[in-house]
Amino acid sequence: YTRVNDLETSPYYRWDKSVLPAVEAFPPQFRMIAASDDPGANLGGENGSNMFTECCDFIGNDEEECVSWDRLEFPNRNCAFLGIAFAMPTCWNGNLGIDNDHKSHMAYTTNGNVNGPCPSGFNRRVPQVQLFVRINNYRGASRSYELSDGQSEFHVDFFNGWQEGKLEQIIQDCEFM
């Protein structure tokens with residue numbers, strides 16, 4: 001095995017202050033895990049799914065041409081880069097995720113969108129954490145890629161490391177567009 005070194009990652013936080021329940025900052029010690037097989041992970045999002053894979057090539061003038069899948073996999077093809085997108089759930093039941101499986105206290109909105117309605121029992125909302133991972137010069141046609149733990153389901157972990165009050169200030173001061 002050879003570790004992939006040509007990676008880029010980009011985290012983003014998204015919220016919509018025009019919907020209820022109102023978005024609030026993550027409390028101290030909050031944590032969560034989201035996986036591609038979680039209920040709602042295959043809905044909404046910017047590509048029709050909150051977790052997806054895309055194989056992209058450059059076609060000139062800094063434009064990209066991508067083929068996307070609403071599942072997370074390592075395709076058997078080459079591309080300029082393989083993009084893996086993770087968008088975590090936003091609906092919260094108020095538990096910190098310390099004493100459970102780090103998942104059952106969170107849920108995706110019923111339509112999968114960041115501003116969608118929260119399901120029953122999840123009456124609080126936190127920002128959506130998005131993580132994009134990019135494998136540059138992806139060579140799936142001639143190489144076999146796998147996760148280091150050998151699992152087939154992709155997942156992303158989050159634990160709150162924000163200075164207390166800072167994310168809350170950002171949420172309050174950010175104007176809704």
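Per the listing Asn76, Asn95, the residue uniquely open to solvent by 10 Å² or more (accessible area, probe 1.4 Å), of a type outside the set (Lys, Arg) and touching a His at 6+ places or on another chain (Cβ under 8 Å) is Asn95.
Here's the yes/no breakdown for (1) among the hydroxyl-bearing types (Ser, Thr, Tyr); (2) open to solvent by less than 70 Å² (accessible area, probe 1.4 Å); (3) farther than 30 Å from Asp57 by Cα; (4) in a strand (DSSP E or B):
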residue: Asn100; (1), (2), (3), (4): no, yes, yes, no
residue: Val114; (1), (2), (3), (4): no, yes, no, no
residue: Tyr145; (1), (2), (3), (4): yes, yes, no, no
residue: Ser148; (1), (2), (3), (4): yes, no, no, no
residue: Val156; (1), (2), (3), (4): no, yes, no, yes
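Comparison of Gly83, Gly44 shows that the only residue that is buried (at least 18 other Cβ atoms within 10 Å of the Cβ), among the small types (Gly, Ala, Ser) and outside any loop (DSSP other than H, G, I, E, B) is Gly83.
So in region 26-38, with the set limited to residues that are of a type outside the set (Asp, Glu) and modelled with pLDDT under 85, which one is least open to solvent (accessible area, probe 1.4 Å)? That would be Ala35. Scan region 47-61 for residues that are over 14 Å from Val156 (Cβ atoms) and outside any loop (DSSP other than H, G, I, E, B) and the total you get is 7.
In the set (1) surrounded by 20 or more Cβ atoms within 10 Å (Cβ to Cβ); (2) modelled with pLDDT under 95; (3) not in a loop (DSSP other than H, G, I, E, B), Ser68 fails one condition alone, (1).
Among the residues of region 118-143, those that are touching a residue at least 12 places away in the same chain (Cβ under 8 Å) and not in a strand (DSSP E or B) comprise Cys118, Pro119, Gly121, Phe122, Asn123, Val126, Pro127, Gly140, Ala141, Ser142.
The values are calculated or read from the model by the stated rules, or taken from the named source; none is laboratory data. Just so it is clear, the structure is predicted and the values come from calculations on it, not from any experiment. Backbone-built Cβ (ideal geometry, glycine too); neighbour counts: all protein chains shown. Quick note on the areas: whole protein, heavy atoms, side chains included, nothing else; ligands and nucleic acids left out. Shrake-Rupley method; radii C 1.70, N 1.55, O 1.52, S 1.80 Å.
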